[in-house]
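J.: The structure that follows is given in the form of structure tokens.
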Ligand code: F3S
């Protein structure tokens, strides 16, 4: 699974980083980003965070949490 924040739509509500602080952080303006890969959506996020990422996605009021499921055959890194 890969994830990033659509920072143009983030309204700094803080839900994503409250739900999954190991994946999401926010800058001095409160705008969130995925700190694992600096919001580049290049890293495969460890499987243990998948349910929290989905929860963050469901709880973002502006649907700014972008999630991409693993593609078939993609290696999952731990
Ligand atoms: Fe922003 Fe949504 Fe997170 S508004 S702080 S991306 S929950």
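What follows draws every value from the coordinates through simple rules; no lab data is involved. Quick caveat: nothing in here was measured; it's all calculated off a predicted structure. Don't worry about glycine lacking a Cβ; one is built from the backbone with ideal geometry, like all the others, and counts go over all protein chains shown.
J.: Taking the range 12-36 as the search range and keeping residues that are without any contact (Cβ under 8 Å) to a residue 12 or more places away in the chain and part of a loop (DSSP other than H, G, I, E, B), which one is nearest to the chain's Cα centre (by Cα)?
T.: 21
J.: Could you please let me know if residue 51 is surrounded by fewer than 16 Cβ atoms within 10 Å (Cβ to Cβ) and either assigned to a loop (DSSP other than H, G, I, E, B) or near the ligand (Cβ under 9 Å from one of its atoms) (or both)? Steps first, please.
T.: Working: surrounded by fewer than 16 Cβ atoms within 10 Å (Cβ to Cβ): yes; either assigned to a loop (DSSP other than H, G, I, E, B) or near the ligand (Cβ under 9 Å from one of its atoms) (or both): no.
Judged against the criteria, residue 51 is not a match.
J.: Same structure again: Within the range 15-29, count every residue that is more than 14 Å from residue 55 (Cβ to Cβ) and either near the ligand (Cβ under 7 Å from one of its atoms) or in contact with a strand residue (DSSP E or B) (Cβ under 9 Å, 6 or more places away or on another chain) (or both). Walk me through it before giving the result.
T.: To start, the set of residues in the range 15-29 that are more than 14 Å from residue 55 (Cβ to Cβ) comprises 25-29.
Add one more test, that the residue is either near the ligand (Cβ under 7 Å from one of its atoms) or in contact with a strand residue (DSSP E or B) (Cβ under 9 Å, 6 or more places away or on another chain) (or both), and what stays is 25-27.
Count: 3.
J.: Any idea which of (1) under 18 Å from residue 69 (Cβ atoms); (2) surrounded by 14 or more Cβ atoms within 10 Å (Cβ to Cβ) is the one residue 13 doesn't satisfy?
T.: It is condition (1) that residue 13 fails.
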